[in-house]
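Please treat every number below as a calculation from the coordinates, not as lab data. What you see is a predicted model; the values in this text were computed from it and never measured. Positions of Cβ are generated from backbone atoms using ideal geometry, with glycine treated the same way; all protein chains shown enter the neighbour counts.
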Amino acid sequence: MPPRKRHSKKHNDGDKVDTDKGKGKDEGSGVPRILVPDETSSSGPPSGDTSAASSTLHTPMGTPFPVTGEGQPQSRNLRQRFAEMTRDIGKAGEELSVRIRRKADGNFKVVAPGTPYDEIELHDIDHPSHKKHHAGHQEKQAGWKKWFVGRRVLFPLAFLLGMAAVWTATQPDLLGGEMTDLWPMLQSDMSNFLGNMSMLDSAKKAIFETRDFTVGDSLHQELGLAAKHPVIMMPGVVTSGLESWSTDPIARSWFRLRLWGTSTMIRAVLTDKERWVEAMAIDLETGLDPPGHRVRAAQGLDAASEFIQGYWVWQKVVQNLATIGYDPSNMDLAAYDWRVAFYNLEVRDAYLSRLKDRIELMHKLSGEKVVLVSHSMGGSLMLYFLKWVEAKPDALGFGGGGGPRWVEDHLEAWVNVAGTLLGVPKAMTAFMSGEMRDTVEINPLGSYVLEKFFCRKERADLFRRWPGASSMYMKGGERIWGDLDGAPDDPANATDTYGRFFSFRETASTSEKDMNRSTIYPNLTAEETVPYILEHTSDTYQRMFESNYSVGFETDPRQLRKNAKDHSKWSNPLEVELPQAPSMKIYCLYGHGKETERAYWYVKGEYEEGEGRDAPDSQCDVGDSGCERTPGDFPLARNHRIDNDVTVKGTRPEVRSGVKFSDGDGTIATASLGAMCVRGWKGKTKWNPAGVKPEALDLRGGALTSDHVDILGSSPLNEAILKIVGGRGDLVKPHIGSDIERYVEKMKWD
């Protein structure tokens with residue numbers, strides 16, 4: 001059948017071609033259709049072509065304009081051929097009028113009646129010149145975006161620098177003559193700074209990558225271990241979060257914010273150090289809150305799970321306990337305000353009463369005895385609690401009133417992790433001069449900034465305003481810590497001794513030859529150091545210490561029994577007896593093998609006004625430069641600091657930056673960590689007449705980390721805790737890897 005011829009001038013209604021000016025739009029399309037049939041297309045396709053017929057329409061000047069379907073122009077071709085169409089319109093004749101009109105939205109449209117471009121907006125047309133302009137615009141926009149991203153980085157940096165500038169402007173002494181030496185220090189320490197930042201980042205990643213429940217899972221699968229005894233954990237010093245509850249105007253902006261243990265602490269110290277110190281300091285006259293402030297310990301498992309976001313403390317222990325069935329109904333963390341003396345924890349917060357009630361409730365609900373797990377200074381507080389809960393209330397009502405059977409009836413075990421039972425050497429220097437190894441071995445730039453921002457005297461003053469921390473004074477005197485002739489924990493072939501706890505020089509020097517009889521003052525043993533420190537503190541601090549703590553050594557059984565009524569003795573295991581609880585077990589778990597502070601070289605500086613030594617007749621505070629003092633009132637206190645110029649190579653023990661190092665967990669010496677479990681409480685002794693069974697387990701190294709805090713995440717420690725609380729404490733075997741047994745044999749116990 002021959003193909004049907006198509007007549008170019010016959011179309012369906014609505015498709016009729018209209019060449020009149022201003023006509024020819026499709027109904028509803030709004031698009032002009034000025035279409036002229038091609039001459040070659042009027043008679044159809046060439047002879048013999050069996051393909052479908054197609055019409056090629058032209059503009060008035062003959063430019064081909066393909067159509068599809070029912071003659072609708074292809075929008076893609078319209079855009080591609082804009083340049084040609086514009087040229088054709090210019091040649092079409094005078095009857096065509098082309099204008100560009102600006103719209104209200106800022107875009108432009110073409111007004112060209114009778115052309116395909118009438119009412120077309122310019123931003124829809126893909127014109128070469130438009131492409132060029134658009135490309136330039138995109139490039140500018142990309143540059144702007146890059147700049148904006150830079151601003152996102154720079155704005156926080158600029159804010160921090162601005163804050164630093166404001167603070168610097170308010171510190172007139174900060175930019176003194178020493179600034180000339182700051183740039184060389186900055187250059188030399190920048191590589192260390194960047195390296196430390198990388199290490200912190202790696203450590204943080206490692207923390208989250210190793211966040212697992214492996215220990216609990218394996219014990220649950222291997223032994224069928226499940227929750228049995230309720231658990232209460234007692235954290236150590238500085239690891240409990242502290243939050244502000246004061247609504248006084250001076251502290252209202254901090255209401256319910258944590259002033260210790262979170263990033264809020266850092267922000268508060270940097271922006272308002274004086275107010276933060278005021279809030280964190282305890283009033284030594286009352287032992288309670290300073291006026292205008294009310295800071296309390298955070299509560300619940302989160303109170304000490306982490307110290308600042310991302311750095312765990314008790315988190316690993318909680319995770320593994322959860323794998324064998326523990327939750328808040330049978331597990332709790334007894335957080336406390338570690339700044340406050342143990343006695344005042346009960347007076348102000350009823351802490352000991354609440355702990356007693358919690359233990360009794362857990363015991364009643366579960367039908368099982370409770371396991372107590374303490375860490376660091378929590379060990380000293382736990383011992384204090386065991387004496388308080390037995391004690392008959394005194395005239396002031398202080399005492400738990402539980403009687404001699406309470407501990408035996410309610411407690412299954414006490415797990416003492418890295419306890420401060422016999423004291424911490426670095427605590428002595430903190431109270432003496434506000435220093436420890438961490439501050440004397442800091443790099444020059446860090447030391448400069450630290451001293452300018454928070455100097456030694458300020459740090460020492462703040463430490464002394466934390467009465468709770470004074471429980472960490474070294475206990476036992478020369479019997480435990482040695483004398484000028486030697487110490488039980490001296491290394492073999494020693495050339496020096498830890499017994500000389502404080503050694504003094506008149507002035508600092510970098511030359512070892514200056515350390516001779518004329519410059520070295522009499523050394524002090526640990527026993528002599530305690531009164532020496534107290535002599536250099538305020539009268540209020542001395543009264544606080546004497547009324548709350550004791551550091552002696554008692555061997556008389558009658559006096560030990562009397563001390564059960566003297567609360568100042570209760571935190572010293574050498575002056576009190578363990579409870580009458582023969583079935584209770586004590587586990588001492590601690591690390592060793594890490595370099596730990598043990599004794600110090602000190603230098604005496606200039607005389608200065610002693611803290612709290614105002615003359616009664618002075619007319620103003622001694623800190624006032626214009627103060628008129630009474631005749632004969634002279635400064636009697638001397639400035640002290642660790643002599644970090646003393647580094648003697650090849651000695652035993654090693655001396656570096658004024659510090660003598662021994663074995664320990666990096667914070668507490670092994671002699672303090674293990675002596676009571678290995679010897680003082682072993683069997684029926686003067687301090688353990690009931691024969692409570694203590695076991696010692698010291699840990700070391702690597703993934704089995706022995707660090708003072710990291711030990712809480714170690715696998716052996718978590719295994720031991722889970723076995724004890726799961727009723728399989730018999731599987732926890734004593735293990736001694738340190739030299740503690742040699743140390744205790746040299747201590748004088750009789």
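General observations
- Packing-based ranking of 673-686, 487-500, 412-425 yields 412-425, 673-686, 487-500, ordered from highest to lowest mean Cβ neighbour count within 10 Å.
- Computed log₁₀ I(q)/I(0) - Debye formula, equal Cα scatterers, no solvent, segment 269-371, q 0.12, 0.14 Å⁻¹: -0.56, -0.72
- Distance violations [Cα-Cα > 27 Å] among K316/K733; K273/K569; K604/K660: K273/K569
- Ordering E654, E478 from the fewest to the most neighbouring beta carbons within 10 Å gives E654, E478.
- Panel order for F431, F385, F463, F255, by other beta carbons found within 10 Å of each beta carbon, from fewest to most: F255, F463, F431, F385.
- Amide H contacts under 5 Å for V370, placed H, 5+ residues apart: L411, E412
- Each of D337, D485, D665 has some number of other Cβ atoms within 10 Å of its Cβ, and from fewest to most they run D485, D337, D665.
- 5 angstrom amide H check on H640, placed H, neighbours 5+ away: G605
- Between G486 and G499, the built amide H atoms are under 5 Å apart, and every one of these is 5 or more places off in sequence or on another chain.
- Our coupling estimate for segment 400-411, obtained by passing each phi through the Karplus curve with A = 6.51, B = -1.76, C = 1.60 and θ = phi - 60°, is x, x, x, x, x, 9, 4, 5, 4, 7, 10, 10 Hz, Gly and Pro reported as x.
- Note on segment 325-432: Rg/Rh from Cα positions, Kirkwood definition for Rh, rounded to two decimals, is 0.99.
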